[in-house]
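See below for the structure under consideration.
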Amino acid sequence: MAVIASNCPQHRVVVVDINEARIAAWQSDQLPIYEPGLEELVRRVRNKNLFFSTEISRNIAEADIIFVSVNTPTKTFGQGAGRAADLQYWETTARQILENSDSPKVVVEKSTLPVRTAEAMERILRSNGNGHHFEVVSNPEFLAEGTAIRDMQQPDRVLIGGRETPSGQRAVQAIVDIYSQWVPNERIITTNLWSAELSKLVANAFLAQRISSINAISALCEKTEADVTEVAHAIGMDSRIGAKFLRAGVGFGGSCFKKDILNLVYLCEHYGLQEVAAYWEQVVRMNEYQQARFVSNMISSMFNTVAGKRVAIFGAAFKANTSDTRESPALDVCRALLEEHADVVMTDPHALDMARADLGDLAQQVTFEPDPHQAAKGAHALAILTEWPDFAQLDYQALYKSMVKPAFIFDGRNILQHQKLHAIGFNVYAIGKPPLTNFAK
Ligand SMILES: NC(=O)c1ccc[n+]([C@@H]2O[C@H](COP(=O)([O-])OP(=O)(O)OC[C@H]3O[C@@H](n4cnc5c(N)ncnc54)[C@H](O)[C@@H]3O)[C@@H](O)[C@H]2O)c1
């Protein structure tokens, strides 16, 4: 919304949320999330044509267009638990819109939703008989956390799906008119509603599938002395395959990939497509396998026990340049190490507060240390779990000196210079590469 406000000074954009603390944070100098470029942007447009408010009813009444971006987590109860999207927040919003509207509105699906959710939305919105017309449009969001502002400012494409009726097409055009203020027309695609809804789930499934595919190969590399970075480079130069999203690592995280694939799996099962469901579910299973493999490898390399050993986890965020720790492999690895009675210390430049909150009761057993040098002090092992560029720039000679020997590094993101670390004295374990140890054969 900040990007829309900055590109469309003629529009007044109001962000509303039921979470008062979040809205207060958006109005303050301490924004509730870290995202490169966001703070400057918000400062520039806030209280000019971008506003934050908890007055939901009034703002619904005043709006012509409503972007619904509420959370759609995986259901934890009842039918479809663990797979289907929990649409309760979505439906509550639809009813709030209905209750508070006294003029026609375009309702935009911005949240990621199962295919055909728009139909349910339409049915709710048209149930009142008050004569006001609601048009539902799907405009899925493809931005990635960490590069959100750039992705919004220069999107690969903007997708807008609507009904093929005259009023449906007018609603689609209203949304096209917003984006066309800064996005070239050839990058704005319009489709029918169901294609737009499905494309978002499919895009995330394909992206996650590439990560799971290269991670599956990383396991084979470790058994055969092939190097996954070399393999990825070699196959990525084939223009049919392409070089992006081929970095092996400890696995994907974030609030979207797993949730959206499981949502796709559930949809396929719902339509009786068991083989299709099983195919996509394997992407999630491979991700879980990769994380479990990483922890097992740590334990077996450290003489089959980490109990009582200080292990420094470098990175809490699920990826670099975000404070988001939802579904972060770092937290899963942390939980597994705590189960093994390791003494865990975690460091991250931006995500420690969220990590503490996400770990809940377990947070009491973890030391949170913003300074990586302090975190490494007295540690038996370092585990790199987020690809923050800062971690590649540290003085590893100094870190090594302060650690217990033999000192181990587990590079879960393949961002360090492994030969150099090995020469310093570390025993180095990377993903999809032969280990570099300093033990006598
Ligand atoms: N995070 C991403 O990178 C990303 C990218 C693309 C799409 N999405 C999709 O966008 C949606 C939101 O994701 P998110 O990461 O921002 O989730 P989030 O949980 O961080 O934010 C959702 C917000 O909606 C608010 N909310 C819930 N019910 C409400 C209501 N009735 N009225 C007003 N506010 C309400 C919550 O308080 C919360 O602040 C999801 O469907 C997600 O899949 C997220």
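Annotation: extensible slack from N47 through I65 equals 4.6 nm (criterion: 0.36 nm per residue apart, minus Cα-Cα distance).
Counted by neighbouring Cβ atoms within 10 Å, the residues M237, M286, M152 run from fewest to most as M237, M286, M152.
Take the Cβ atoms of S180 and R22, set R0 to 35 Å, and the FRET efficiency comes out at 0.70. Using a simple spin-label model with pseudo-atoms 7 Å out from Cα toward Cβ, N192 and Q365 lie 5.2 nm apart. Restricting attention to the chain, close to 5% of DSSP beta bridges with both partner residues there are antiparallel.
A compact globular protein would have a Cα radius of gyration near 2.2 N^0.38 Å; the ratio found for segment 2-191 is 1.03.
GNM remark for the chain: springs join alpha carbons under 10 Å apart, and the peak mean-square fluctuation among N321, N215, N297 falls on N297. Global size of the chain: 23.9, 82 Å for Rg and Dmax (C-alpha atoms, Rg to one decimal, Dmax whole). Cβ crowding within 10 Å ranks I211, I124 as I124, I211, fewest other Cβ atoms first. Using Cα pairs closer than 8 Å and at least 6 residues apart in sequence, work out the relative contact order for the chain, in percent. Averaging sequence separation for qualifying contacts and normalising by length gives 12 percent for the chain. Between the listed residues T367, G308, L337, the Cα displaced farthest toward the positive end of the dipole of segment 302-430, a dipole computed from Cβ unit charges relative to the Cα centre, is found at G308.
Tell me, what is the FRET efficiency for E39 and E288 to the nearest 0.05, using R0 = 35 angstrom and their Cβ-Cβ distance as r? For R0 = 35 Å, the calculated efficiency reads 0.50. Overall shape: oblate for segment 254-351, with the ratio a/c of the largest to smallest alpha carbon gyration tensor axis at 1.5 or above and b/c at least equal to a/b.
Under a model in which nothing but the beta-carbon of Lys, Arg (+1) and Asp, Glu (-1) is charged, segment 227-366 shows a dipole of about 220 debye around its Cα centre. Based on DSSP H runs of at least 4 residues, each adding -39500 (n - 2.57), what is the mean residue ellipticity at 222 nm of the chain after dividing by all its residues, to the nearest 500 deg cm²/dmol? One gets -13500 deg cm²/dmol as the mean residue ellipticity at 222 nm. For segment 103-246, the alpha carbon positions stretch 69, 31, 25 Å along the principal axes, listed from largest to smallest. Obtain the nm distance between the two label points defined at E55 and H11 by a simple spin-label model: each point lies 7 Å from its Cα along the Cα-to-C-beta direction. A separation of 2.1 nm, rounded to one decimal place. Over segment 208-289, the pair-distance histogram of Cα-Cα distances with 10 Å bins from zero comes to 18, 41, 31, 10, 0 percent, rounded to whole numbers. Placing unit charges on the Cβ atoms only, positive for Lys and Arg and negative for Asp and Glu, gives the chain a dipole magnitude near 580 debye about its Cα centre. Rounded if a/c is under 1.5, else prolate if a/b is larger than b/c, else oblate: which is segment 18-121, with a ≥ b ≥ c the root eigenvalues of its Cα gyration tensor? Verdict is oblate for segment 18-121.
Comparing S239, S402, S111 in a Gaussian network model of the chain, where Cα atoms under 10 Å apart are tied by springs, the biggest mean-square fluctuation is seen for S239. Here segment 320-441 is treated with +1 on each Lys and Arg Cβ and -1 on each Asp and Glu Cβ, and its dipole about the Cα centre works out to around 700 debye.
In segment 398-414, which residues have a backbone nitrogen under 19 Å from the label point lying 7 Å from N297's Cα in the Cα-to-Cβ direction? Residues passing the 19 Å test: 407-414. What shape does segment 302-430 have by the C-alpha gyration tensor, where a ≥ b ≥ c are the square roots of the eigenvalues, rounded means a/c under 1.5, and otherwise prolate means a/b greater than b/c and oblate the rest? Note, shape of segment 302-430 comes out oblate.
No value in this document is a laboratory result; all are computed from the given coordinates. Nothing here was measured: the structure is a model prediction, and the numbers come from that model. Positions of Cβ are generated from backbone atoms using ideal geometry, with glycine treated the same way; all protein chains shown enter the neighbour counts.
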